[in-house]
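Here's the structure, in structure tokens; my notes come after.
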Amino acid sequence: MPTIRICATLRNLALCVFLCAGVGQPALAQSVDSTVPQTWQMLDYLAADYAGAVQHGAVISASEYAEMREFAATVRGRLEALQPTPATSALLAQADTLIASIDAKASPTQVAGQAHALADALLRAYPIPTAPEHAPDLARGATLYQSQCVACHGTTGKGDGSIGLTLAPRPVDFTDQTRADQRSALSLYEVITQGVAGTPMAGYAKQLSAADRWALAYYVGSLAYQHEAPSGAAQWQQDTAARAEIASLKDLSAARVNQLAATLGTEPARTLIGYLRANPDAVQQGLSGFALARGRLAASLTAYQAGDKKEATRLALSAYLDGVEPVEPQLNARDGALRAQLETAMGAYRTALSGRVPVATVSTQATDIDALLARAQQVIAEGSSDATATFLGAFTILVREGLEALLVVVALLAFLRKAERHEAVRYVHAGWTLALAAGGITWAVASYAISISGAGRELTEGLSSLFAAAVLLSVGLWMHQKSIGGRWQIYLKEKMAAALNQKSAWFLFGLAFISVYREVFETILFYAALWNEGQEIWLLAGVAAGAVTLGLIAWVLLRTSRRLPIGTFFAASSGLIALLTIVLTGKGVSALQEAGWIAVTTVPAPHIELLGIYPTWQTVTAQLVIIVLLCGGYFFNMRRARALVVPPASST
């Protein structure tokens with residue numbers, strides 16, 4: 001692109017400077033924002049250019065081969081200099097494997113695969129922006145190409161511009177499909193941003209905005225596929241499996257033809273990439289919801305049939321988290337039973353993929369799930385403008401999700417009032433109040449700042465549920481201990497004569513906060529999804545009705561607790577908290593199953609979400625463990641209480 005000429009000596013000097021800049025620096029001097037993109041670019045460059053250095057186990061260009069070895073060594077040095085993460089050791093191991101393959105003059109296919117795998121792993125370990133915020137403007141890209149690139153790369157991108165013919169090395173030929181098949185739009189964007197050390201290609205980070213660089217990257221990335229692109233529209237519209245491979249601009253920016261060829265075939269992949277790079281706005285108008293889930297499910301089955309279990313599992317998890325999870329609130333409001341059936345079936349399918357289940361069995365499971373997805377798609381389409389469904393959905397969600405949190409908060413307040421520790425009540429009120437405020441912030445973040453992924457949502461719900469269950473288990477056993485043998489009287493005399501200490505007060509605050517926020521987090525994400533259906537008034541009406549209902553329940557519970565004898569109150573509270581512990585354990589494990597952290601093995605059991613009962617061995621087993629712990633704790637409390645009872649003195 002630049003209009004400068006560089007001699008071989010200057011090229012080698014620039015290469016040395018570039019390499020030395022990355023290898024000898026201490027870890028703290030390495031900036032993730034600059035080092036990671038440069039390192040990723042070097043790996044991408046290596047993957048594409050190694051074929052020009054080695055063929056059939058022999059070096060065909062000594063200078064290119066030396067450059068490949070230097071780049072691989074530099075990559076390792078840069079990885080070692082980055083701030084360590086849990087993935088650092090694995091990244092270094094991959095870098096060592098890549099170096100060994102290059103030293104052994106392995107095939108270009110093997111080296112390219114290893115370099116791309118390491119590049120992908122690098123971005124997972126050190127996430128950086130890898131896609132434009134909006135669909136790039138190809139017309140703007142064409143204009144920039146004519147003003148910035150023609151002199152070197154030529155009018156058609158063949159690398160035959162008037163200045164390009166005099167440069168060493170020659171500019172890249174953007175129409176070379178073999179090379180283009182290994183490059184993503186992200187690859188081209190990084191080259192335009194940073195340039196390529198040791199070549200006439202300079203970086204344009206200061207001259208061009210990020211939007212312009214993306215527009216230029218997409219434009220030059222489409223030049224190799226201009227003949228295929230026109231037929232890509234029909235493929236994009238008709239081939240669900242193809243569309244399932246690319247669901248966002250992030251997917252498209254990272255997509256390479258040789259990556260998609262494994263599932264689509266080389267020519268279909270070229271057609272698809274050519275069309276989408278020339279028409280990136282088509283992706284933003286593409287699949288979503290259950291249609292995306294069905295496409296990813298089909299692609300998952302194809303990968304499993306081809307023997308790629310890892311890719312099949314990834315696509316199956318994406319089918320749920322990226323397809324079903326975002327529209328789950330709408331389905332749950334209209335057909336909760338179908339939503340539960342779909343969750344269980346998709347979880348069992350993912351577990352089957354990770355095992356040695358016959359292809360025929362997996363295919364049957366996929367067919368059954370696709371039928372459920374089609375039903376769900378129809379249910380959503382029929383009820384999208386139903387005001388009554390929106391009202392009932394909003395009301396049901398708030399009452400169902402809020403009831404568990406309400407019971408915990410009411411139990412804490414009732415306990416403090418029974419113990420006449422009114423000064424500690426404010427900590428409980430502060431906990432649930434701040435949880436509601438945090439929920440409002442989460443709504444704003446989910447609606448206007450970022451998109452909270454399905455995995456993030458399920459992990460937050462699952463881990464917070466299990467944490468709350470662990471806390472409530474100890475609280476329940478403690479309350480049971482005080483409810484027997486008059487122990488509560490001793491407790492009140494010894495422990496409650498003085499104000500609660502600061503540690504206990506903050507414990508109450510934390511328990512109230514986590515118990516409420518875990519419910520608020522899920523509830524506001526449900527509402528954020530329902531809000532987009534155009535029934536805002538009915539949604540707010542349902543929320544108001546649900547809030548009034550919860551308020552009445554709280555009033556009744558607090559009023560009733562005041563009338564109970566304190567021993568009876570402790571006993572009832574311990575039983576309620578024990579039940580909540582079992583419920584939260586089931587819900588926590590189920591959420592982690594949906595996030596793909598825990599396998600799903602179905603069991604012939606009822607599905608009662610209100611009680612946290614799910615038809616899987618994992619959830620049932622976890623709840624049985626909690627029941628055993630509760631029974632063991634209650635038995636220990638009873639036995640200890642009997643041992644402390646002093647027998648009456650006998651009369652003589």
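General remarks:
- Cβ-Cβ distances below 8 Å connect the following pairs, each with a first residue in the range 170-188 that is under 20 Å from residue 204 (Cβ atoms), a second residue that is hydroxyl-bearing (Ser, Thr, Tyr) and in a loop (DSSP other than H, G, I, E, B), and a separation of six or more residues or different chains: 186/130.
- Restricted to the range 139-238, the set of helices (runs of 4 or more DSSP H) holding at least 3 residues that are over 36 Å from the mean Cα position of the chain (by Cα) comprises 150-153.
- Some residue of the range 59-79 being over 21 Å from residue 186 (Cα atoms) and in a loop (DSSP other than H, G, I, E, B): yes
- Identity of the residue in the range 428-450, of a type in the set (Val, Ile, Thr), open to solvent by 40 Å² or more (accessible area, probe 1.4 Å) and over 30 Å from residue 417 (Cα atoms), that ends up modelled with the highest pLDDT: 441
- Counting only helices (runs of 4 or more DSSP H) wholly contained in the range 248-321, the ones carrying 3 or more residues that are buried (at least 24 other Cβ atoms within 10 Å of the Cβ) occupy 266-278, 289-305, 309-318.
- Residue match in the range 204-215 (condition: at pLDDT below 90, open to solvent by less than 20 Å² (accessible area, probe 1.4 Å) and either under 22 Å from residue 120 (Cβ atoms) or polar (S, T, N, Q) (or both)): no
- Matching entry among 486, 534 (being modelled with pLDDT under 75 and within 31 Å of the chain's Cα centre (by Cα)): 534
- Residue among 110, 83, 94 that is assigned to a helix (DSSP H, G or I) and either among the charged types (D, E, K, R) or closer than 22 Å to residue 190 by Cβ (or both): 94
- Condition check for residue 96: of a type in the set (Asp, Glu) and at pLDDT below 90: no
- Any hit, the range 606-616, residues being at pLDDT 80 or above and out of contact with any helix residue (DSSP H, G or I) (no Cβ under 8 Å at 6 or more places or on another chain): yes
- Hits in the range 588-605 (condition: within 18 Å of residue 339 (Cβ to Cβ), out of contact with any Leu (no Cβ under 9 Å at 6 or more places or on another chain) and either modelled with pLDDT of 80 or more or crowded, with 24+ Cβ neighbours inside 10 Å (or both)): 590, 593, 600
- Restricting the range 182-203 to residues that are of a type in the set (A, V, I, L, M) and surrounded by 19 or more Cβ atoms within 10 Å (Cβ to Cβ), the residue that is farthest from residue 117 (Cα to Cα): 201
- For residue 622, the stated conditions hold: it is at pLDDT 85 or above and either in contact with a strand residue (DSSP E or B) (Cβ under 6 Å, 6 or more places away or on another chain) or within 19 Å of residue 578 (Cβ to Cβ) (or both).
- Scanning the range 169-181 for residues being surrounded by 24 or more Cβ atoms within 10 Å (Cβ to Cβ) and at pLDDT below 90 gives a total of 2.
- In the range 113-150, the residues that are open to solvent by 80 Å² or more (accessible area, probe 1.4 Å) and among the acidic types (Asp, Glu): 133, 137
- Residues in the range 89-118 that are under 17 Å from residue 78 (Cα atoms) and among the β-branched types (Val, Ile, Thr): 97, 99.
- Taking the criterion of being open to solvent by 60 Å² or more (accessible area, probe 1.4 Å) and assigned to a helix (DSSP H, G or I), the residues of the range 97-107 that qualify are 97, 103.
- Against the list (1) touching a residue at least 60 places away in the same chain (Cβ under 8 Å); (2) of a type in the set (Lys, Arg); (3) open to solvent by 50 Å² or more (accessible area, probe 1.4 Å), the condition residue 421 fails is (3).
- Condition check for residue 544 on (1) small (Gly, Ala, Ser); (2) at pLDDT below 80; (3) open to solvent by 40 Å² or more (accessible area, probe 1.4 Å): one failure, at (2).
- Among the candidates 64, 80, residue that is open to solvent by 40 Å² or more (accessible area, probe 1.4 Å), acidic (Asp, Glu) and more than 17 Å from residue 33 (Cα to Cα): 64
- Any hit, the range 331-343, residues being outside any helix (DSSP H, G or I) and either open to solvent by 30 Å² or more (accessible area, probe 1.4 Å) or in contact (Cβ under 8 Å) with a residue 60 or more places away in the chain (or both): yes
The values are calculated or read from the model by the stated rules, or taken from the named source; none is laboratory data. In this text, all values refer to a predicted model and were calculated from it rather than measured experimentally. All Cβ positions, glycine included, derive from the backbone under ideal geometry; neighbour counts span all protein chains shown. Heads up: the accessible areas ignore ligands, DNA and RNA and are worked out on the full protein's heavy atoms, side chains in. Shrake-Rupley method; radii C 1.70, N 1.55, O 1.52, S 1.80 Å.
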